[in-house]
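Q: Could you have a look at this structure, given as structure tokens, before my questions?
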Amino acid sequence: MQETAVAKRKLEDEVAENRDPDHDIDPLFVNRWSPRAMTGEALAEDEYLPLFEAARWAPSAFNNQHWRFIIATREDDEWDQFVDLLNEGNAWAEDAGVLAVVVSKTTFDHNGEPAPVHSFDTGAAWQNLALEGARRGLAVHGMAGFDYERAAEVLEVPDEFDVEAMFAVGERAPPETLPDELEEREEPSGRKPLSEIVHRGGFE
């Protein structure tokens with residue numbers, strides 16, 4: 001518990017140096033970012049399963065809960081299989097405690113019709129998960145750099161599901177454990193101004 005509190009304080013200090021929200025929001029939203037440096041230590045179930053519990057409570061159209069998480073921990077026989085899906089640029093993720101592939105059901109359960117917001121809803125579940133990870137002082141990092149087709153084949157993803165993303169979860173490590181080019185980027189990033197992302201009355 002004490003280690004978690006220290007990790008959270010360290011995270012908040014890092015964020016304060018790089019981010020300054022324009023409006024009063026809960027610090028959790030600003031404190032969440034995507035570290036890459038991880039220790040390579042295993043995570044116990046009671047450390048990572050609460051993240052998926054948070055994801056479980058995300059909103060979705062018709063409460064369809066389109067999201068599915070296919071995971072491997074360092075202790076699993078399938079670990080190397082997940083690592084092999086990663087692009088070279090995401091080799092740092094080998095030091096995670098958990099690797100996951102996110103897939104979403106493209107149809108509604110109640111009528112079999114296409115669900116146009118399946119990716120949107122699955123993104124909401126991912127955000128819940130990432131926020132809970134940040135609250136606990138864990139490193140949680142989403143990735144698009146992996147082999148989508150091989151993931152669907154190797155993990156036997158059913159046809160009615162789309163592969164959306166991968167992510168890594170782990171205990172945080174010092175930035176200097178990363179290669180030089182990644183160490184330089186190991187800090188919370190800023191965001192576009194609201195005036196660029198909120199359009200009143202029409203896109204322009």
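The values are calculated or read from the model by the stated rules, or taken from the named source; none is laboratory data. All of these numbers come straight from a predicted model, not from anything done at the bench. Neighbour counts are summed over all protein chains in view; Cβ atoms, including those assigned to glycine, are modelled from backbone coordinates with ideal geometry. Just the protein is used for accessible areas: all its heavy atoms, side chains included, with ligands, DNA and RNA removed. Shrake-Rupley method; radii C 1.70, N 1.55, O 1.52, S 1.80 Å.
Q: Over the chain, with a Gaussian network built from C-alpha contacts below 10 Å, which listed residue (Ala134, Ala144, Ala124) shows the highest mean-square fluctuation?
A: Ala144
Q: So, one more: Mean projection of the alpha-carbon convex hull of the range 47-113 over all orientations, in nm²? Walk me through the numbers before you get to the answer.
A: Details: hull surface 23.9 nm².
Taking the Cα atoms of the range 47-113, their convex hull projects to 6.0 nm² on average.
Q: Nothing charged except the Cβ atoms of Lys and Arg (+1) and of Asp and Glu (-1): what's the magnitude of the dipole of the range 88-199 about its Cα centre? Round to the nearest 20 debye. Let's see the in-between values first.
A: On the way: 8 positive and 24 negative charges, 124 e Å.
For the range 88-199, the charge dipole is close to 600 debye.
Q: With a 1.4 Å probe and every protein chain left in place, tell me how much accessible area Ile197 has, in Å² to the nearest 10.
A: Taking all protein chains as shown, Ile197 has close to 100 Å².
Q: Heads up, I need the accessible area for Ser195: 1.4 angstrom probe, whole protein in place, Å², nearest 10.
A: 100 Å²
Q: When the chain is treated as a GNM, springs tying every alpha-carbon pair under 10 Å, which of Gly190, Gly97, Gly112 comes out with the largest mean-square fluctuation?
A: Between Gly190, Gly97, Gly112, it is Gly112 that shows the largest mean-square fluctuation.
Q: Shifting gears a bit: Rounded to the nearest 20 debye, what is the charge dipole size of the chain about its Cα centre when +1 sits on each Lys and Arg Cβ and -1 on each Asp and Glu Cβ? Each step should come with its number before you reach the end.
A: On the way: 18 positive and 45 negative charges, 185 e Å.
The calculated dipole for the chain is roughly 880 debye.
Q: Still on this structure: Express the accessible area of the range 48-159 per residue in Å², computed with a 1.4 Å probe while the remaining protein chains stay in the model. Don't skip to the end; give the middle numbers.
A: Details: 5480 Å² over 112 residues.
Value returned for the range 48-159: 49 Å² of accessible area per residue.
Q: Got a sec? Which residues in the range 35-70 would a label at His110 touch, if it sits 7 Å along Cα→Cβ and we count backbone N under 11 Å?
A: 61-64
Q: Name the most mobile residue of Ser34, Ser60, Ser104, meaning the one with the largest mean-square fluctuation, in a Gaussian network model of the chain with Cα contacts below 10 Å.
A: Judging by the Gaussian network model, the answer is Ser60.
Q: Express the carbon and sulfur contribution to the solvent-accessible surface of the chain as a percent, rounded to the nearest whole number, probe 1.4 angstrom. Intermediate results must be reported in sequence, preceding the final value.
A: Details: 5780 of 12050 Å².
Accessible surface attributable to carbon and sulfur in the chain totals 48 percent.
Q: As a test of the formula, what do you get for the chain when each DSSP H run with n ≥ 4 contributes -39,500 (n - 2.57) and the sum is divided by the residue count, at 222 nm and rounded to the nearest 500 deg cm²/dmol? The partial results should precede the final answer.
A: On the way: 8 runs with 72 residues, N = 204.
Calculated at 222 nm, the ellipticity per residue is -10000 deg cm²/dmol.
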